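Here's the structure, in structure tokens; my notes come after.
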Amino acid sequence: MKDFPEVNGWTVVPLSGDLDDFAAPELRKLFDVLVDGGAPRLVVDLAAVGFVDSSGLNALIGAARRVREGGGGLRLAGAAPRVRDVVELSGVSAVLPLYPDVAAACG
């Protein structure tokens, strides 16, 4: 398992590529490992993500639900305009806070 940096008590998880139907199962596994490993506060860095669809959004929402059940939180950071638009138009940003960058999300 890859080690992820921690900033101000938040574990930063940088993602890259597309968050789609093909990536969603691996994304779910990653979040399961992180949550089961005791990372209750996650910042998902979307700066290198070029595309997200409903499968990717569902994986993020599922991770947020698991983290919240354990008393933590999940934040999204650094989304490019195309990804940010999908997150906002889908209504996911009402459930998962979207920050301009990792520094703001960890602040």
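The values are calculated or read from the model by the stated rules, or taken from the named source; none is laboratory data. All values reported here derive from a predicted model rather than from experimental measurement. We place every Cβ from the backbone using ideal geometry, glycine too, and count neighbours over all the protein chains shown.
For the range 83-107, name all the residues that are without any contact (Cβ under 8 Å) to a residue 12 or more places away in the chain and in a loop (DSSP other than H, G, I, E, B).
Listed by number, the list holds a single entry, Gly91.
Name the one entry in Ala80, Ala59 that is touching a residue at least 24 places away in the same chain (Cβ under 8 Å) and out of contact with any helix residue (DSSP H, G or I) (no Cβ under 6 Å at 6 or more places or on another chain).
That would be Ala80, the only listed residue that is touching a residue at least 24 places away in the same chain (Cβ under 8 Å) and out of contact with any helix residue (DSSP H, G or I) (no Cβ under 6 Å at 6 or more places or on another chain).
Looking for whichever is crowded, with 20+ Cβ neighbours inside 10 Å, at pLDDT 95 or above and not small (Gly, Ala, Ser) here; the options are Asp20, Asp45. Which one fits?
Asp45
Just checking, does the range 33-51 include any residue being part of a helix (DSSP H, G or I), farther than 19 Å from Ala80 by Cβ, in contact with a Ser or Thr (Cβ under 7 Å, 6 or more places away or on another chain) and without any contact (Cβ under 8 Å) to a residue 60 or more places away in the chain?
There is at least one residue in the range 33-51 that is part of a helix (DSSP H, G or I), farther than 19 Å from Ala80 by Cβ, in contact with a Ser or Thr (Cβ under 7 Å, 6 or more places away or on another chain) and without any contact (Cβ under 8 Å) to a residue 60 or more places away in the chain.
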